[in-house]
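The values are calculated or read from the model by the stated rules, or taken from the named source; none is laboratory data. The structure presented is a predicted model; accordingly, all values stated were derived computationally and were not measured. Cβ placement follows ideal geometry from the backbone for every residue including glycine, while neighbour counts extend to all protein chains displayed. Ligands, DNA and RNA are stripped out before the accessible areas are found, and what is left, the full protein with its side chains, is counted by its heavy atoms. Shrake-Rupley method; radii C 1.70, N 1.55, O 1.52, S 1.80 Å.
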Number of protein chains: 2
Amino acid sequence: MKFLDGSWKKDTCAWEELLKEENLGKTVSIEGAVHSIRDMGEIVFLILRKKEGIFQAVCEQNGDAPSLEGFREGMFLRATGVLTKEDRAPHGRELRLTGTDVLSKPDKPLPLAIDKWKLDTSLEAKLNMRPIALRNIRERARFKIQEGLVRAFRDYLYQEGFTEIHTPKIGARGAEGGANMFKLSYFHKPAVLAQSPQFYKQMMVGVFDRVFETGPVFRAEKHNTKRHLNEYTSLDFEMGYIDSFEEIMDMETGFLKYALKLLKNDYGKELSILKIDLPDAEKIPAVRFDEAKELAAQKYQRRIRNPYDLEPEEESLIGRYFKEEYDADFVFVTHYPSKKRPFYAMDDPKDPRFTLSFDLLFHGLEVTTGGQRIHDYRMLMEKIHARGMETEGMEQYLDAFRYGMPPHGGLGIGLERLTMQLLGEDNVREACLFPRDMNRLEP
Amino acid sequence: MKFLDGSWKKDTCAWEELLKEENLGKTVSIEGAVHSIRDMGEIVFLILRKKEGIFQAVCEQNGDAPSLEGFREGMFLRATGVLTKEDRAPHGRELRLTGTDVLSKPDKPLPLAIDKWKLDTSLEAKLNMRPIALRNIRERARFKIQEGLVRAFRDYLYQEGFTEIHTPKIGARGAEGGANMFKLSYFHKPAVLAQSPQFYKQMMVGVFDRVFETGPVFRAEKHNTKRHLNEYTSLDFEMGYIDSFEEIMDMETGFLKYALKLLKNDYGKELSILKIDLPDAEKIPAVRFDEAKELAAQKYQRRIRNPYDLEPEEESLIGRYFKEEYDADFVFVTHYPSKKRPFYAMDDPKDPRFTLSFDLLFHGLEVTTGGQRIHDYRMLMEKIHARGMETEGMEQYLDAFRYGMPPHGGLGIGLERLTMQLLGEDNVREACLFPRDMNRLEP
């Protein structure tokens, strides 16, 4: 009988080993994709792409050397050779080839020059050929940064006593009611795709006190802008026993500080590939919604058209204001008008026209919405009735309150928007592996 | 201007502090839900439920003591008192109450006796009242164990050089083609919900060499059994440059060993609440599909009815066989018949009627399906044509191969099934917070 025990050993050389001084002069094998080939006649340079980066192999075309006849970009190889010091090569070393095994051959030459430092292609073309375009070193680096953000979110919240949950994406109704939901037929019953895990994470506060989820959410919004996706990854948390809604913002600040530290420590390679200057989240200013509008309007001579909403341009000006006045990359805008927030938002007891809620702007773009929620059953029912809403399909959610819930609140962070702002991109599609928008369902 | 800096300090006593010897005799405040009340006349016991467990508060009903008039289960409190040694209480200590603040009151008495050690309720009733039933200490403990499994999966794979990805759940077509997919209308275009991230994770092997995803998958299967959910969480990975399909099984074995260690170290409380004996994954036997069928048929006198498929009863007998003969909790069944595997499965070059694929059985239930995939474009196209399949909607997937892919393979683990087997439950719904089956769309 054969047994597996988790001890599989590769006979290829690990990346860290390639970079060690003591291994210079040794014969090693490495596997990788042929990222580019430069044939200089007497000598051929083969640049191999691995997950960790690129590595140079060289082959002098003399009698003993392996033939590279027919080699081309897009092949996958196992290359064997002598690890040799070479100051002009990346990492100061190269592999002098003594043998190659071809693992696979492409059927066609690559349609994009992925070996160029910057892919000189339109966003549309990049998205159409996404699995190929992402093989470019800079394109893929963005998604390592994104990985770091999600890791940081989970690690920080575990450390803060949160429990990770997985909640259903197909349901009978959504958290915000009616509009903007994708509808489907679920064994002949009408169903919708979750716009957010809102109801579920709130219900789970009654179970685990503090919970989080990282998962997809679906919005059937008919917005075709640079900031909108119809499916995105939402980083959600919800916490009970809060002293104030400011505690939620403070938890987010803690996460951001942790995330920036993690990126600095563990994703330095990608930060440098993308030339990213990390923002500062040490102290994040918080300003009331009405005040923020006023400040931006005054400083930039802009008339306030709608006192109840922030237009994208206003968000951008508020971001600019706080950058100029406080050197702040992030700003919390608090106390959004009640009529612009969902029914479960807690109104400010001092002035119920406003809520104990907030958005986080990052360089002038909303990347988070959060706030305190109503936890008292009767207050919740009053708000539902005052809004003329139906409770059908919300029975279980309401029951959680009927049988008791602690004061609580939480937030949702749009992962792609957070990534986009960190990368300094101007289109959120650059920060999503396979974006879904009104016109794009593939690849 | 107000600033947030991530340094919010609670003035309540943290759980670890409650348990420290040096804090006995001190006056502290804690917050929690009233899990149960025992009113003995002169003395009232108030059992508080917090995320970490339960804690006893007592109140002698004399002149100085705070009145607990009207207190009932389901209330949420801040309780203040003197931390006092008491050997008969959980954790050997209790809080002698000097004051209480009511944070919230339920509108109705709890419909379930959640303070009982075992919830004496049918599965159906538990699922109907899920947000309340999960407040039971044993019910919720299962989902901490589940959290541990997901954490372990990610942590182990990060350590092994995998990159986490987020792939779309709405798409133009699925990995396995036609059947068993939920259909929806996406801005007037036909779309489906992803049955698995199969195509995406394969495409991403060309980018990051090794990738993983933890997320929801959707199966419109008309199975209403104890083992099926129509939406579940899939733990997927895909790895390039494999030496053999056994390397994939070895990686899974490594994950399982890591997970069991993590559970032992970090989830001891929950393991003990649920009285779980962890299984052994140190050495996992691997047996061919046809051989496994034969072994079980011989030992348990069962006739083989279908040589191409494993019936649930056969899986169970194979599990029993390997437990009895090798004391094995897990067994890899390898070389599934080609006709039962999807088109992208790599056939065994020695006998193309079988594939280089496997399932992992855990106590006789399939918890994983995996295998090596075809990486050569022409071989893939031949298989597609031989099966009479259409390539429409697969262009991008096929392009990844056309432009070159390394040898690779991977697997998908059903999180709820893995949890169910670890817990020793006989219904997968016990291992899903909010299950979706043919009849259940709520809560």
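For a 26 Å ceiling on Cα separation, which of these pairs sit above it: A:K257/B:K26; B:K51/B:K261; A:K293/A:K339? Don't skip to the answer; put the middle values down first.
Working: A:K257/B:K26 34 Å; B:K51/B:K261 23 Å; A:K293/A:K339 17 Å.
From the list (A:K257/B:K26; B:K51/B:K261; A:K293/A:K339), the Cα-Cα distance tops 26 Å for A:K257/B:K26.
Sorted from closest to farthest, the other copies place their A:K323 label points 6.3 nm away, with each point set 7 Å from Cα along Cα→Cβ.
When a/c is below 1.5 the answer is rounded, else prolate if a/b is larger than b/c, else oblate, so apply that to the stretch A:190-326 with a ≥ b ≥ c taken from the square roots of the Cα gyration tensor eigenvalues. Intermediate values should be presented prior to the final figure.
Values: a/c = 1.41, a/b = 1.17, b/c = 1.20.
Because its axes are fairly even, with a/c under 1.5, the stretch A:190-326 counts as rounded.
Restriction of the trypsin sites (Lys or Arg not before Pro) in the stretch A:261-332 to DSSP coil positions whose beta-carbon has at most 13 other beta-carbons within 10 angstrom yields A:K275, A:R303, A:R305. For the stretch B:333-341, putting each phi into the Karplus relation 6.51 cos²θ - 1.76 cosθ + 1.60 with θ = phi - 60° gives couplings of 9, 10, 6, 5, x, 4, 5, 9, 10 Hz, in residue order, rounded to whole numbers and with x for Gly and Pro.
Within the set of other residues whose C-beta is less than 13 Å from the C-beta of B:Y156, count the net charge using Lys and Arg as +1 and Asp and Glu as -1. Could the numbers behind the result be given before it?
Values: positive: B:R151, B:R154, B:R210, B:K257, B:K261; negative: B:D155, B:E160, B:E164, B:D250, B:E252.
Summing Lys and Arg as +1 and Asp and Glu as -1 gives 0.
For the stretch B:390-423, heavy-atom accessible area (probe 1.4 Å) falls by no less than 40 Å² from the chain alone to the full protein assembly at B:Q396, B:R402, B:Y403, B:G404.
What fraction, in whole percent, of alpha-carbon pairs in the stretch B:248-407 exceed 23 Å separation? Percentage above 23 Å: 50.
Calculate, for the stretch A:219-262, the solvent-accessible area per residue in square angstrom, rolling a 1.4 angstrom probe over the heavy atoms of the protein chains. Before the final figure, lay out each step's value.
On the way: 1340 Å² over 44 residues.
Averaged over the residues of the stretch A:219-262, the accessible area is 30 Å².
Taking a straight line from the alpha carbon of A:K383, these aspartates and glutamates sit under 12 Å away, with near neighbours fewer than eight places off in the same chain left out: A:D347.
Scaled to the globular estimate 2.2 N^0.38 Å, the Cα spread of the protein assembly as shown, given as radius of gyration, is 1.00.
What average count of beta carbons from other chains do you get within 10 Å of the Cβ of residues in B:128-135?
Across the residues of B:128-135, the mean count of other-chain Cβ atoms within 10 Å is 6.
Over 29 Å apart at the Cα level, from the set A:K126/A:K275; A:K183/A:K340; B:K9/B:K275; A:K85/A:K116, are B:K9/B:K275. Mean residue ellipticity at 222 nm, helices only, the protein assembly as shown: -8500 deg cm²/dmol; runs of at least 4 DSSP H residues each add -39,500 (n - 2.57), and the sum is divided by the number of residues.
Leaving out ligands and nucleic acids, note down the accessible area per residue over the stretch A:269-379 with a 1.4 angstrom probe, in whole Å².
Numbers: 5230 Å² over 111 residues.
So the stretch A:269-379 comes to 47 Å² accessible per residue, rounded to a whole number.
In terms of the mean number of neighbouring beta-carbon atoms within 10 Å, the peptides A:405-415, A:219-229 order highest first as A:405-415, A:219-229. A 1.4 Å probe run over the stretch B:1-121, with the rest of the protein chains in place, finds 53 Å² accessible per residue. Which positions within the stretch A:1-31 get 30 Å² or more of their accessible surface covered by the other protein chains, compared to the chain by itself, with a 1.4 angstrom probe? Residues losing area: A:M1, A:K2, A:F3, A:L4, A:D5, A:G6, A:W8, A:K10, A:E31.
Just to confirm the filter: which trypsin sites (Lys or Arg not before Pro) across the stretch B:117-160 are DSSP coil and have at most 15 other Cβ within 10 angstrom of their Cβ? Don't skip to the answer; put the middle values down first.
Details: sites: B:K118, B:K126, B:R135, B:R138, B:R140, B:R142, B:K144, B:R151, B:R154; in loops: B:K118, B:R135.
Filter output for the stretch B:117-160: B:K118.
Counting only protein heavy atoms and a probe of 1.4 Å, the accessible surface of the protein assembly as shown is 46% carbon and sulfur.
Please name the residues of the stretch B:428-443 whose accessible area, counted over protein heavy atoms with a 1.4 angstrom probe, falls by no less than 50 Å² between the chain alone and the full protein assembly. With the partner chains in place, the stretch B:428-443 has these residues losing at least 50 Å²: B:L433, B:F434, B:R436, B:M438, B:L441, B:E442.
Does the stretch B:359-443 classify as rounded, prolate or oblate by the C-alpha gyration tensor (a ≥ b ≥ c root eigenvalues; a/c under 1.5 gives rounded; else a/b over b/c gives prolate, otherwise oblate)? Note, shape of the stretch B:359-443 comes out prolate.
Within chain A, the proportion of Cα pairs with more than 35 Å between them is 43 percent.
With a cut-off of at most 11 other beta carbons within 10 Å, and DSSP calling the residue loop, which GluC sites (Glu not before Pro) in the stretch A:396-443 qualify? Please list them. Of the GluC sites (Glu not before Pro), not one in the loops of the stretch A:396-443 has a Cβ with at most 11 other Cβ atoms within 10 Å.
Going by the alpha-carbon gyration tensor, a ≥ b ≥ c the square roots of its eigenvalues, is the stretch A:1-154 rounded (a/c under 1.5) or, if a/c is not under 1.5, prolate (a/b greater than b/c) versus oblate? Oblate shape, in that a/c is at least 1.5 and b/c is the bigger or equal ratio. Would you mind telling me which residue in A:V192, A:V211, A:V82 has the biggest mean-square fluctuation in a Gaussian network model of chain A, where springs connect alpha carbons within a distance under 10 angstrom? Among A:V192, A:V211, A:V82, the largest mean-square fluctuation in the Gaussian network model of chain A belongs to A:V82.
For the peptides A:52-62, B:160-170, the ranking by mean Cβ contacts within 10 Å, running from highest to lowest, is B:160-170, A:52-62. Working from Cα pairs under 8 Å separated by at least six residues, relative contact order for chain A is 13 percent.
Chains A and B together bury roughly 10900 Å² of accessible area, counting both sides, with a 1.4 Å probe on protein heavy atoms only. In straight-distance terms, cross-link reach from B:K105 covers every one of the aspartates and glutamates whose alpha-carbon lies under 18 Å from its own, apart from those fewer than eight places away in the same chain; here that gives A:D209, A:D243, A:D376, A:E382, A:D399, B:E31, B:E69, B:E73, B:D115.
For peptide A:368-378, the mean count of partner chain Cβ atoms within 10 Å of a residue's Cβ comes to 1.
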